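Below is one structure; the comments refer to it alone.
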Amino acid sequence: MLPWPLCGKPLASPRVEVRRKPFLLYATAYLGMGLDDEAFVSLLQACEERSGFLVTLKVDPMYDTLRDDPRFADLLRCAGLGP
């Protein structure tokens with residue numbers, strides 16, 4: 001076995017950058033423009049990413065326009081907030 005300095009450089013683990021898309025921010029913009037279908041797509045993507053901000057889905061008045069849509073119940077279940 002070679003002494004440490006003669007072995008060469010230790011293997012460095014490659015740095016992996018994970019850049020998340022701001023799906024919740026997109027959803028907010030879509031809601032502001034009245035594009036509920038696009039907002040649902042972005043919210044479901046945020047749910048799949050396990051965004052921590054989804055905990056406000058039940059109480060945030062921003063989502064009031066979506067609450068009557070059957071997809072909202074699916075979204076709550078995805079976020080772990082529904083029955």
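The values are calculated or read from the model by the stated rules, or taken from the named source; none is laboratory data. In this text, all values refer to a predicted model and were calculated from it rather than measured experimentally. No Cβ is skipped: glycine too gets one built from the backbone with ideal geometry, and neighbour counts run over all protein chains shown.
So here's what we get for this one:
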| item | result |
| --- | --- |
| Selected residue (criterion: surrounded by the most Cβ atoms within 10 Å (Cβ to Cβ)) from residues of the range 37-83 that are of a type in the set (A, V, I, L, M) and touching a Cys at 6+ places or on another chain (Cβ under 7 Å) | L54 |
| Members of the range 41-57 that are in contact with a helix residue (DSSP H, G or I) (Cβ under 7 Å, 6 or more places away or on another chain) and in a loop (DSSP other than H, G, I, E, B) | E49, S51, L57 |
| Answer residue from the range 55-83, given it is out of contact with any Phe, Trp or Tyr (no Cβ under 9 Å at 6 or more places or on another chain) and among the hydrophobic types (A, V, I, L, M, F, W, C) and is farthest from Q45 (Cα to Cα) among those | V59 |
| Failed criterion for M62 (all others in (1) modelled with pLDDT of 95 or more; (2) over 13 Å from the mean Cα position of the chain (by Cα) hold) | (1) |
| Qualifying residue in the range 10-33 (condition: at pLDDT 90 or above and part of a loop (DSSP other than H, G, I, E, B)) | yes |
